[in-house]
1. For the range 116-132, give me each residue that is more than 21 Å from PRO57 (Cα to Cα) and at pLDDT below 95.
2. Restricting to the range 127-154, give me the number of residues that are closer than 16 Å to ARG106 by Cβ, in a strand (DSSP E or B) and of a type outside the set (Asp, Glu).
3. Test GLY113 against the criterion of being open to solvent by less than 20 Å² (accessible area, probe 1.4 Å), modelled with pLDDT under 95 and within 17 Å of ALA61 (Cα to Cα), and give yes or no.
4. Return the residues of the range 116-126 that are on the phi > 0 side of the Ramachandran plot and in a strand (DSSP E or B); say none if nothing qualifies.
5. Quick one: count up the residues across the range 155-195 that are small (Gly, Ala, Ser) and either at pLDDT 95 or above or in a strand (DSSP E or B) (or both).
6. If you scan the range 116-131, which residues turn out to be charged (D, E, K, R) and open to solvent by less than 60 Å² (accessible area, probe 1.4 Å)?
7. So which of ALA99, ALA41 ends up being over 21 Å from the mean Cα position of the chain (by Cα), at pLDDT below 60, under 25 Å from THR129 (Cα atoms) and loosely packed, with under 14 Cβ neighbours inside 10 Å?
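The values are calculated or read from the model by the stated rules, or taken from the named source; none is laboratory data. Treat the numbers as computed from the prediction; the structure is a model and nothing was measured. Glycine gets a Cβ as well: all are built from the backbone with ideal geometry, and neighbour counts include every protein chain shown. Side chains included, ligands, DNA and RNA excluded: accessible areas come from the protein's heavy atoms. Shrake-Rupley method; radii C 1.70, N 1.55, O 1.52, S 1.80 Å.
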Amino acid sequence: MSRTRIVRWLRVLLPLVALAMLSTMFLFSRRSDTESRIPYAEVEAEAAAREGRIVAPDYSAVTPDGARLSLRAAQATPSAEGGGAAGDLRLDWQRPGGADGDLTARLTAPQGGLADGQVRLEGGVRMTTSSGWQLDAARIEARLDASVITATQGVEAVAPFGRITAGQMRLAPRAPGPDGDAAPGPDGAILNFSDGVRLIYQP
């Protein structure tokens with residue numbers, strides 16, 4: 001075979017070989033990407049099933065005296081005794097009001113749970129209300145049988161008129177019943193601070 005013929009054949013064959021190599025590389029790269037994602041998804045699903053985790057749970061309730069609660073979390077792990085633990089919680093609370101209108105509160109916390117008739121938020125809780133208050137506490141609990149939210153391990157609050165620090169806080173209806181619990185009807189709600197209250201007034 002002459003040299004000219006060899007050159008002509010190479011001009012045809014070499015581009016074809018290069019095209020085949022590129023196609024093979026493209027196919028291998030797509031297959032490896034798919035295979036790298038599927039086992040990861042299977043492992044996550046198996047871990048969630050083994051640990052009993054619930055992703056993005058949502059719980060809603062209405063107390064006997066009319067407060068509406070909506071609790072959401074990034075994930076939750078139920079316990080055998082009932083309730084369980086959850087992470088990245090947000091609680092929306094709304095109490096029917098009287099002349100002042102409804103009072104709403106939004107609480108966020110890194111952890112908490114639902115047990116013994118209460119929503120428990122802890123690990124650094126922040127609560128903001130529609131009346132302009134912002135409260136920070138180590139732990140806050142909201143009852144499911146009454147329009148009552150309490151903090152018993154210290155609280156710091158920023159109010160429209162200044163700052164308050166106290167050992168305890170209670171958000172409850174204006175007209176409590178004989179036992180101190182919520183009374184039925186749209187009575188509005190007030191914040192009550194106790195146990196070493198300190199007020200810094202800022203007019």
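1. Once the filter is applied, which keeps residues that are more than 21 Å from PRO57 (Cα to Cα) and at pLDDT below 95, the range 116-132 yields THR129, SER130, SER131, GLY132.
2. So the answer is 10.
3. yes
4. GLY123, GLY124
5. Residues meeting the conditions: 8.
6. Within the range 116-131, ARG120, GLU122 meet the criteria.
7. Unique residue meeting the criteria: ALA99.
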